Amino acid sequence: MKALLRSFVTPAVVALAFATTAMGLTVSIADHGAVSDGKTMNTAAIQSAVDACAAAGGGTVLVPAGVWLSGGIELKSNITLELENGAVLRGSPHLADYPPNGFKHPELGETRCLVWAIGRHNVAIRGEGTIELADTPFFDWKKLRTGLDPADDAKLTGWQKAQCVVTALDRPTQPIFFHECRHVRLDGITVTHSPCWTLVFSCCNDVWLHAVRVDNNLQIPNDDAVHFTGSSNIVVSDCILRAGDDCIAVSAITNPDSPCENILVTNCELTSRSAAIRFGYRAAKVRRVTVSNLVIHDSQRGILLQAGDGGWVEDVAMSNIVMDTHMFAGAWWGKGEPLVITTGDSTSARIRDVTISHVRASAENSIVIIGRHQNISDITLDDWSVRYGYSPNSPLYGRYFDVAPAAPRPSPLNEGHMPWIYADSVAGLHLRNMSHRLRDGETHRLSLDPVLHEVTP
């Protein structure tokens, strides 16, 4: 995707950042007995290549062109896994080929991965090849999670069912996973068909993703394209990400006491059935964030800033964003909003010092900002132009504002009122150069009058 504006993150800078990792010995997995027929299980051969390269002081483990079937592989320090153009590292369809790696995830249990590293440094995955994960075997594709009361399920049509969440079986939980690693680089690769969180960085420091493409099925739950938890010093640039769950999520699920901080996201294209970009979740602590030059399209929710008990989000600057959001059917988080900022029902959470500017959007729900005792403060929205429209899913899914995991709030949408902004309990809400209207060709009569409760300028 072409950059919307010139960014200081350039390919030359990225190449330099990777240079120290990529130097040294090159070891081909084929030389260790791997077979590229798409059928032979190559786990032992690939691990042998990684171990030999690490024992020699580090270097590059090469995956040549071809289809290489594998189970779980542990990367070591000073190792670059390089996938040549035409190389496909294919994940096994059998859960037994992903033995637990010893890390216990607080929400997802035993961590089972295709590629993983714990406590390592100078680790990279790069190249023009593909990591093809396995999603189909790990889901019941006929058992849908609709997000509705059972009495309303019968009202869903075929096209709406095709948007709903499928039901997970036992599955690999963190297909590509880094925990407590330093200097991690991903560059150029494509990752497809993830059964759960795709690229995961837990309590890592100095992480750089450049020109990465993630293409996941839009009916799969928890298949976040990129998830940072308790990590710092992060750059995500020039990526194309598509996922049923969040495209870029920043939380602290693996360690609530470890802040996520010093984060740059720029020049990315995002599609999600949850939030295209999320900062904060429950007790997560997130600060010093810059986001620029995003295209968000065909997404359930554009931007989500969220904090729960003991959590906070602060010092966030976002600019130059083009988006369209839609209200999709299914048990997803979000209901077509371009922006949600919420502390839910928490009195100990806070969100403050946020500026989001230069936004052009089409949306099927309101901008929503909901705090408690004005624990959301100093929020600036500047130069927004939003076209609003009614969704075919609104009669079933538009009854409430979604502030999960807190209880939903009643919405006036099905009474013909779609506030261009709905804000409750905000101290210091600054709205500048805001433009709102119905989208072209909208046939529903909708009032866009704002709703503001306990909001101070």
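The values are calculated or read from the model by the stated rules, or taken from the named source; none is laboratory data. Values in this document were obtained by computation on a predicted structure and should not be read as measured data. Note that we place each Cβ from the backbone using ideal geometry, even for glycine, and neighbour counts take in every protein chain shown. The protein model used for the area step is the full one, side chains on, heavy atoms only, and it has no ligands, DNA or RNA in it. Shrake-Rupley method; radii C 1.70, N 1.55, O 1.52, S 1.80 Å.
Here are a few things to note about the model shown:
- Condition met for SER362 (assigned to a loop (DSSP other than H, G, I, E, B), closer than 23 Å to TRP333 by Cβ and of a type in the set (Gly, Ala, Ser)): no
- Within the range 61-129, strands (runs of 3 or more DSSP E) holding 3 or more residues that are farther than 24 Å from THR40 by Cα: 121-127
- The range 367-394, residues that are among the small types (Gly, Ala, Ser) and in contact (Cβ under 8 Å) with a residue 60 or more places away in the chain: SER391, SER394
- Within the range 204-216, being touching a Phe, Trp or Tyr at 6+ places or on another chain (Cβ under 9 Å) and either open to solvent by 10 Å² or more (accessible area, probe 1.4 Å) or assigned to a loop (DSSP other than H, G, I, E, B) (or both) holds for CYS204, TRP208, HIS210.
- Pair list, Cβ under 7 Å, 6 or more apart: the range 436-457 residue at positive phi, other residue not basic (Lys, Arg): GLU454/GLN374; GLU454/ASP424; GLU454/SER425
- If you go through the range 114-124 and keep only what is over 16 Å from TRP68 (Cα atoms) and either open to solvent by less than 10 Å² (accessible area, probe 1.4 Å) or out of contact with any Cys (no Cβ under 8 Å at 6 or more places or on another chain) (or both), you end up with TRP116, ALA117, ASN122, VAL123, ALA124.
- Extreme residue, nearest to THR111 (Cα to Cα), among residues of the range 139-182 that are of a type in the set (Asp, Glu) and surrounded by fewer than 14 Cβ atoms within 10 Å (Cβ to Cβ): ASP170
- Some residue of the range 106-118 being under 23 Å from VAL265 (Cα atoms) and touching a residue at least 60 places away in the same chain (Cβ under 8 Å): no
- Test: residue in the range 283-305 that is open to solvent by 10 Å² or more (accessible area, probe 1.4 Å), assigned to a loop (DSSP other than H, G, I, E, B) and out of contact with any Pro (no Cβ under 6 Å at 6 or more places or on another chain): no
- The condition of being of a type in the set (Gly, Ala, Ser) and touching a strand residue (DSSP E or B) at 6+ places or on another chain (Cβ under 8 Å) holds for only one of SER391, SER385, that being SER385.
- If you filter the range 324-349 down to residues that are in a strand (DSSP E or B) and touching a Ser or Thr at 6+ places or on another chain (Cβ under 7 Å), you find that the one that is least open to solvent (accessible area, probe 1.4 Å) is THR325.
- Hits in the range 373-424 (condition: outside any strand (DSSP E or B), open to solvent by 30 Å² or more (accessible area, probe 1.4 Å) and acidic (Asp, Glu)): GLU415
- The single residue among ASP238, ASP153, ASP187 that is touching a residue at least 60 places away in the same chain (Cβ under 8 Å) and farther than 19 Å from ILE296 by Cβ turns out to be ASP187.
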